[in-house]
Amino acid sequence: MSLSKNEIKIPELAMGVRNLAALKACKENADAVYFSLDRLSLRSRAQEITTEKLAGFVEEIHNNKMKGYLAVNSVIYPDNLKELNEVLECAASANVDAVIAWDPATIMKAAEKDLKIHISTQANVSNQMTAEFYRSLGASRVVLARELSLEQIKEIKEDTKVELEVFVHGAVCQGISGRCYLSAYLLGKSGNCGECSQPCRWEWSLHSDNGAIVDIEGKYLMSAKDLCMIEHIPELIEAGVDAFKVEGRLRNPGYTATVSQCYRQALDLFKDGKYKRNSIIPLKERMALEYNRGFSTGFYFGYPGPDGLACDSDMNASPVKREAVGVVTNYYPKQSAAAIKLLEQGLSAGDIITIEGSTTYLEQQVSSIVHEGKKVNSIERGNEIGLEVEDVVRKNDRVFRINRTQTE
C-alpha cells in the first residue's frame, strides 16, 4: 500500500491516562486519551476516575481539544450486567467520544445507547473478516491484536473500511492479546477482570523432568520487554494505521509527559519530511530514562525471540529510579511551601524530587529544607519538614526522589 505525500494521514496519538495529572502531562501532545473507571476495566488499580467524576473529566479532555475514550473491557459476568448498564449510561451522559469494548454484552449495550464503539485488543482481531464483522456490529475502530506483523496489518487495511489502531509503545502482556490466566490460577486475581498481579514479571527457575534446575541465562523467564516503535513510524503510516496507542494507564505522569512528547515530535518530523534515524535515536534514549523493561518491536517484524524478553532485569531497566520519600501534609500558598512527612527516606538540598497526586505533577530540585524553624542541608526520615515548592501541591500528594544509577 503505497501512499503519495498528499494522501498521507498522520495517525491519531492516543495516550493512556489514569487521572487529571496524567491528562495535564500529555495535553500539549496527544490527540486523544483513553482511561478507565474504577470498575469493569483491565486496570482496576486505576480508581481515581469514578462515575461521579466522569463528566468533569471528559469536559476537561474536551476543553483541551482532545478526544476521550472509556475502556470498559473486562469480562462481563451475569452479576455485572446491571453495573454495565449504569456505567454506559454514565458514559453516554458524559459525552465520551467512544467506548473501548470487546465483550458482546458491552458492544450491544453501547450500541443501544448510541455510543461510538472501538473494539479492544482483548478481542484479538487478527484478520480483515473479523474486523469487518465488528464493523457490521457498529464498531468504528478496531484495536488490532498485538501479535500481528506489519505485513499482516497492511493486508488487513487493504480489505476493511473500519479504522485500525495499533499499540506502538508500552508494556506487553505475556498472554495472547492480554488473555492471560496465570494470575488467576496462582493468586485468584483475574487479569481479565482487571486484577492482574503480574506473576510473569517474577523471578522464576526452570526445572528439568528429573527435578534438576536448568542453568539458563537470566531468571525473569516470562517478562516481555516493553514495545517501542518510534524508529518505525514511517512503516506504520505507510501501512495505513489510523491511530497509535500508547499503553500506560498505571504509569506516572512524568512517563506520560515524556512519551507523548517524543512520539509527537517524531510524528511532526515525519509530517514535515524531516524524519531521520539520527533525529529519532535521541527521542528513544530519552524515553529509556523513564520506567521501562527494555525495548523491543514485538511481533511487527516476526515472532520475537530471546531479545524480546527482559530476562536479566527486575522490572525497571531505566538508570533513573524513583524512591518513595513521604507525603504532603499541608500546603501554604502564600509561602509557596509544603509541609512534608518523611515516611520512607530522608532528603538533602540538591535532590531532584517529584510530587504526585490525582491532580498534581511537579518535578523540581530541593532548594531549601526547614526543620523546626531552622534551615538544614539534609534530614533523615521520620521528620516533618517545610519545603519550597514551585507549583501548587495538595495534602496527601506523594513525594519521590529521582536517582540516576551508575550504568558504567
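Observations on the model:
- All positions within segment 43-81 that are more than 12 Å from residue 23 (Cβ to Cβ), assigned to a helix (DSSP H, G or I) and open to solvent by less than 10 Å² (accessible area, probe 1.4 Å): 54
- Within segment 352-404, the residues that satisfy the criterion of being outside any loop (DSSP other than H, G, I, E, B), open to solvent by less than 40 Å² (accessible area, probe 1.4 Å) and either of a type in the set (D, E, K, R) or closer than 30 Å to residue 56 by Cα (or both) are 353, 354, 355, 356, 362, 364, 399, 400, 401.
- Selection from segment 99-137 of residues that are crowded, with 16+ Cβ neighbours inside 10 Å and at positive phi: 124
- Within segment 152-201, being in a helix (DSSP H, G or I), in contact (Cβ under 8 Å) with a residue 60 or more places away in the chain and hydrophobic (A, V, I, L, M, F, W, C) holds for 153, 193.
- Selected residue [in a loop (DSSP other than H, G, I, E, B) and farther than 27 Å from residue 267 by Cβ] from 84, 88, 40: 40
- Boolean, residue 181 is open to solvent by 60 Å² or more (accessible area, probe 1.4 Å) and on the phi < 0 side of the Ramachandran plot: yes
- Across segment 6-32, the number of residues qualifying as open to solvent by 30 Å² or more (accessible area, probe 1.4 Å) and small (Gly, Ala, Ser) comes to 0.
- Residues (open to solvent by 50 Å² or more (accessible area, probe 1.4 Å) and either at pLDDT below 80 or in contact with a strand residue (DSSP E or B) (Cβ under 8 Å, 6 or more places away or on another chain) (or both)) located in segment 188-218: 189, 195, 196, 205, 206, 207, 213, 214, 215, 216, 217
- For segment 220-250, the tally of residues that are more than 14 Å from the chain's Cα centre (by Cα), part of a loop (DSSP other than H, G, I, E, B) and surrounded by fewer than 21 Cβ atoms within 10 Å (Cβ to Cβ) stands at 5.
The values are calculated or read from the model by the stated rules, or taken from the named source; none is laboratory data. Note that this is a predicted model, so its numbers are computed, not measured. We place every Cβ from the backbone using ideal geometry, glycine too, and count neighbours over all the protein chains shown. Note: accessible area is taken over every heavy atom of the protein model, side chains too, but ligands, DNA and RNA are not part of it. Shrake-Rupley method; radii C 1.70, N 1.55, O 1.52, S 1.80 Å.
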